[in-house]
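The next block holds one structure in the form of structure tokens; read it before the comments.
The values are calculated or read from the model by the stated rules, or taken from the named source; none is laboratory data. In this text, all values refer to a predicted model and were calculated from it rather than measured experimentally. Neighbour counts run over all protein chains shown; Cβ positions are idealised from the backbone, glycine included. Heavy atoms of the whole protein, side chains included, go into the accessibility calculation; ligands, DNA and RNA do not. Shrake-Rupley method; radii C 1.70, N 1.55, O 1.52, S 1.80 Å.
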Amino acid sequence: MAPLRPAVWHKAWTFRRPLHRFILRGVTLAGINSVTQPKARRVEAWSRLAKDLDFNLLPLISHEIGLSEAIEAAPRLLAGQLRGRVVVDVNR
């Protein structure tokens, strides 16, 4: 499978957070605009993720909170005190 094309910055898109924090920390903001890819290619990419991704490693980069905890977590997230992805379970 050939790599998907990275998203191209468009003047209509906005990024509302200062980028210098990411640059100073050596973080690369990269993404893929999969919406423009044919459905068959997207299905292939998701199938590869399902097959190749070690789901046991996900807790190292993410954690889950309930919707009732979201307001409490927001200031910590904005202050950079939470790392990785925060998944909000709307049923909790």
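Considering only residues that are in a loop (DSSP other than H, G, I, E, B) and among the small types (G, A, S), which ones fall in segment 64-92?
If the condition is that a residue be in a loop (DSSP other than H, G, I, E, B) and among the small types (G, A, S), then A79, G80, G84 are the ones that fit.
Consider V43 against the criteria (1) modelled with pLDDT under 90; (2) assigned to a helix (DSSP H, G or I): it satisfies all of them except one. Which criterion is unmet?
Here V43 clears every test but (1).
Do any residues in segment 74-92 that are more than 18 Å from I61 (Cα to Cα) and in contact (Cβ under 8 Å) with a residue 12 or more places away in the chain have Cβ atoms under 6 Å from those of residues that are of a type outside the set (A, V, I, L, M, F, W, C) and open to solvent by 90 Å² or more (accessible area, probe 1.4 Å), where the two are at least six apart or on different chains, and which pairs are they?
Every condition considered, no pair remains.
Would it be correct to say that A30 is at pLDDT 65 or above and of a type outside the set (V, I, T)?
Details: at pLDDT 65 or above: no; of a type outside the set (V, I, T): yes.
It is false that A30 is at pLDDT 65 or above and of a type outside the set (V, I, T).
Listed residues E72, E64; which is touching a strand residue (DSSP E or B) at 6+ places or on another chain (Cβ under 7 Å), of a type in the set (D, E) and open to solvent by 90 Å² or more (accessible area, probe 1.4 Å)?
E64
What number of residues within segment 51-63 satisfy the criterion of being part of a loop (DSSP other than H, G, I, E, B) and not acidic (D, E)?
Step one: of segment 51-63, the residues part of a loop (DSSP other than H, G, I, E, B) are 53-54, 61.
If we keep only those that are not acidic (D, E) as well, we get 53, 61.
Total satisfying the criteria: 2.
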